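Input: a single structure, listed below in structure tokens.
Nothing in this text is a laboratory measurement; each read-out follows from the coordinates by a stated rule. Small disclaimer: the values here were computed from a predicted structure and weren't measured. We place every Cβ from the backbone using ideal geometry, glycine too, and count neighbours over all the protein chains shown.
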Amino acid sequence: MSRIGKSIIEIPAGVTVTVNDNVVTVKGPKGELSQEITGGITLEQEDGKITVSRPSEAKNHKALHGLYRALINNMIVGTAEGFTKKLELVGVGYRASHSGQKLELALGFSHGIVLDLPKEITVDTLTEKGKNPIITLSSYDKQLLGMVAAKIRSFRKPEPYKGKGVKFVGEIIRRKAGKSA
């Protein structure tokens, strides 16, 4: 991870980064995020650039170096531009609809699934005739977005025989051949 940790983070216009003790706070047009930094990792901020450095060449310091650099970069990109994830519902009768922060899914169970989404996430559902329903999630917090998308996918993971289930758009499902008669 040290190659990731060594690269410099550019701060775009409209984003402010403040470092107090071990807490990094990033404010941008989309929102505000903060992250605590441990393990002796230090940050230097100079004229719109952030450099992350580690105290030694120990294995855990190298791992934390790359981790915190990636987390801070994701916070900066998220507050400036935001992130989106798209999920596709593959299966007959699978439906998705939303009202406010509630996502309603029909995934072939005897009951519908209603999921309350955090306020940081915006949801949009698209249903066209002849195509699979698509759920679009967007947020400035990449970690929270990934957790919610994984939670939705876990309700009905894609199965390898027919490919039915909830999958990410562009995800390739390894298919198995069924019985051979």
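Expressed as a whole percent, how much of the Cα-Cα distance distribution for segment 14-96 exceeds 15 Å? The share of Cα pairs beyond 15 Å in segment 14-96 comes to 63 percent.
Think of the chain as a dipole: +1 on every Lys or Arg Cβ, -1 on every Asp or Glu Cβ, centred on the Cα centre; then among THR25, GLY48, GLY108, GLY108 lies furthest on the positive end. Could you give me the ³J(HN,Hα) list for segment 33-44, computed from phi with Karplus coefficients 6.51, -1.76, 1.60 and θ = phi - 60°, whole Hz, x at Gly and Pro? Each residue of segment 33-44 in turn: 10, 9, 9, 8, 10, 10, x, x, 6, 10, 10, 10 Hz.
Across segment 47-63, rounded Karplus estimates of 3J(HN,Hα) from the backbone phi angles (6.51 cos²θ - 1.76 cosθ + 1.60, θ = phi - 60°) give 5, x, 9, 10, 10, 9, 10, 10, x, 8, 9, 5, 4, 5, 5, 5, 5 Hz, Gly and Pro being marked x. Placing +1 on the Cβ of every Lys and Arg and -1 on the Cβ of every Asp and Glu, with nothing else charged, gives the chain a dipole about its Cα centre of roughly 1360 debye. Restricting segment 65-121 to chymotrypsin sites (Phe, Trp or Tyr not before Pro) that sit in a DSSP loop and have at most 12 other Cβ atoms within 10 Å of their own Cβ leaves PHE109. Once you put a point 7 Å from the Cα of ILE173 and another 7 Å from the Cα of LYS62, both along the Cβ direction, what distance in nm separates them? It is 3.9 nm. Site pair ASN20 and SER138 shows an inter-label distance of 3.1 nm when each label is modelled 7 Å from Cα along Cα→Cβ. For segment 81-147 versus segment 41-70, the inter-centroid distance based on Cα atoms is 36 Å.
Along the axis of the charge dipole computed for the chain (Cβ charges of +1 for Lys and Arg, -1 for Asp and Glu, origin at the Cα centre), the listed residues THR127, LEU117, LEU67 are led at the positive end by THR127.
Summarising the amide proton neighbourhood of ILE37: residues at separation of 5 or more, or on other chains, whose placed amide H is nearer than 5 Å comprise VAL23, VAL24.
Summing Cβ point charges (Lys, Arg +1; Asp, Glu -1) relative to the Cα centre of segment 17-84 gives a dipole of roughly 240 debye. Projected label points at GLU32 and ILE113, each 7 Å from Cα along the beta carbon direction, are separated by 3.4 nanometres.
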